[in-house]
Amino acid sequence: MDFQTLISSSQLHEAHPLITVPDTWSQGRTVFGGLSAALMLKHMYLQINDESRRLLSFNCNFVAPLLAETPFTISTKILRSGKNVTQVETIIEQNELTCLVSLACFGVERQSSVNVPAHETPAKLNQSINPKQTLQYIEGLFPAFIQNIDLNLQHGAMPFSGATTTEIHGWMKFKGEEKGNLNELHVLALADAWPPTLLQLCNSPSPASTVSWYIEFLQPLASNDSQWLGYQVATHQASGGYGTEDAKIFSQTGELIALSRQTVAVFDS
């Protein structure tokens, strides 16, 4: 089952849908976090039902593992919808436990004299994508969800390689997605597809998980954007088993479209 099918489920139109995700989208013992977040965001969109309010920011806390092949519920509450901004909360529960909690902010575009363009362009990202740099899924070595996603690594290292760099630069897309259909749901899910940069510093396999994630959407994707998205991430500080990494997401034509920050826990020895 591909990403588009999952987020287009008719069940999401219900107030409290009961959803099950196949284990082909698992990440260790939990559902791939980018997919979980995208399902929450899609449910928010359906509850707001106002296309004039675009997504400004999305914050998610991963409270407990969300198990694949096990039903879970999604519930959304509009905390406040004012003239310009709507604040929304969505919760995923499974087996009577809270697994994820998210808050999002949607805003109406307004005329303003303040205009600061996003001039930044992707560094160390070659826009001529070499297919040989796309990671090949190997069952048992990569998380199951990677079989649904293409990751084209251009700068950085593989997890558990004992590298000295904390950066990753590359391109990403869903397998089989058609050109021109990207939106914020795709950006949100893909932005969580790369392994935490902390893992490439480890010398041996070590579990890691995202504790909290905050992403801001700077501008909508243009209708002619291609299916690849650029990704640049670096860990700025890590100690005591936790680290903070910042990422930038670009369109293939070079526009900066989102900023992401994650707090990651790593369980190395």
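The values are calculated or read from the model by the stated rules, or taken from the named source; none is laboratory data. Keep in mind the model is a prediction, meaning the values are calculated, not measured. Cβ: placed from backbone, ideal geometry, glycine included. Neighbour counts: every protein chain shown. In case anyone asks, the SASA skips ligands and DNA or RNA and just uses the protein heavy atoms, side chains included. Shrake-Rupley method; radii C 1.70, N 1.55, O 1.52, S 1.80 Å.
Please compute the length gained on full extension between residue 1 and residue 136, using 0.36 nm multiplied by the number of residues separating them and subtracting their Cα-Cα distance.
Once the chain is fully extended between residue 1 and residue 136, it gains 46.7 nm.
What is the magnitude of the charge dipole of the chain about its Cα centre, with +1 placed on the Cβ of each Lys and Arg, -1 on the Cβ of each Asp and Glu, and no other charges, expressed in debye to the nearest 20?
400
Which one of 169, 186, 236 has the biggest mean-square fluctuation once the chain is modelled by GNM with Cα springs under 10 Å?
Per the Cα network of the chain with a 10 Å cutoff, 236 tops the list.
Could you name the lysines in cross-link range of residue 173, using Cα to Cα under 24 Å and dropping any fewer than eight places away on the same chain?
Output for residue 173: 42, 124, 132, 248.
Take peptides 142-148, 257-263 and line them up by average Cβ neighbours within 10 Å, highest first, as a rough protection proxy.
Numbers: 142-148: 18.6, 257-263: 20.1.
Result, highest mean first: 257-263, 142-148.
Stretch residue 253-residue 119 to full length: gain in nm at 0.36 nm per residue minus the Cα-Cα span?
Result: 47.0 nm gained on full extension.
Report, largest value first, the span of the C-alpha coordinates of the range 127-259 along each principal axis, in whole Å.
If we take the Cα atoms of the range 127-259, the spans are 43, 30, 24 Å.
When only the heavy atoms of the protein chains count and the probe is 1.4 Å, how do 264, 116, 101 rank by accessible area, highest first?
116, 101, 264
Treating the chain as a set of equal point scatterers at the Cα positions, no solvent, please give the Debye-formula log₁₀ I(q)/I(0) at q = 0.08 Å⁻¹.
-0.31
Separation between the residue 236 and residue 95 pseudo-spin-labels, each 7 Å from Cα along Cα→Cβ, expressed in nm?
Going from the residue 236 label point to the residue 95 one covers 3.7 nm.
What is the dipole size for the range 1-105, taken about its Cα centre, with +1 at each Lys and Arg Cβ and -1 at each Asp and Glu Cβ, in debye to the nearest 20?
With Lys and Arg at +1 and Asp and Glu at -1, about 460 debye.
Would you be so kind as to identify which of 118, 101, 244 lies farthest towards the positive end of the dipole of the chain, taking Lys and Arg as +1 and Asp and Glu as -1 on Cβ and the Cα centre as origin?
Among 118, 101, 244, the one farthest towards the positive end of the dipole of the chain is 118.
Using a Förster distance of 22 Å, how high is the FRET efficiency between residue 268 and residue 64, based on the Cβ-Cβ distance and rounded to 0.05? Display every interim value, and only then the final one.
Details: r = 22 Å, r/R0 = 0.99.
About 0.50, to the nearest 0.05.
May I ask you to derive the FRET efficiency for residue 14 and residue 126 from their Cβ-Cβ distance with R0 = 35 Å, giving the value to the nearest 0.05?
Details: r = 44 Å, r/R0 = 1.27.
My answer for the efficiency is 0.20.
I need the peptides 209-219, 124-134 ranked by packing, meaning the mean over residues of other C-beta atoms within 10 angstrom, with the highest value on top.
209-219, 124-134
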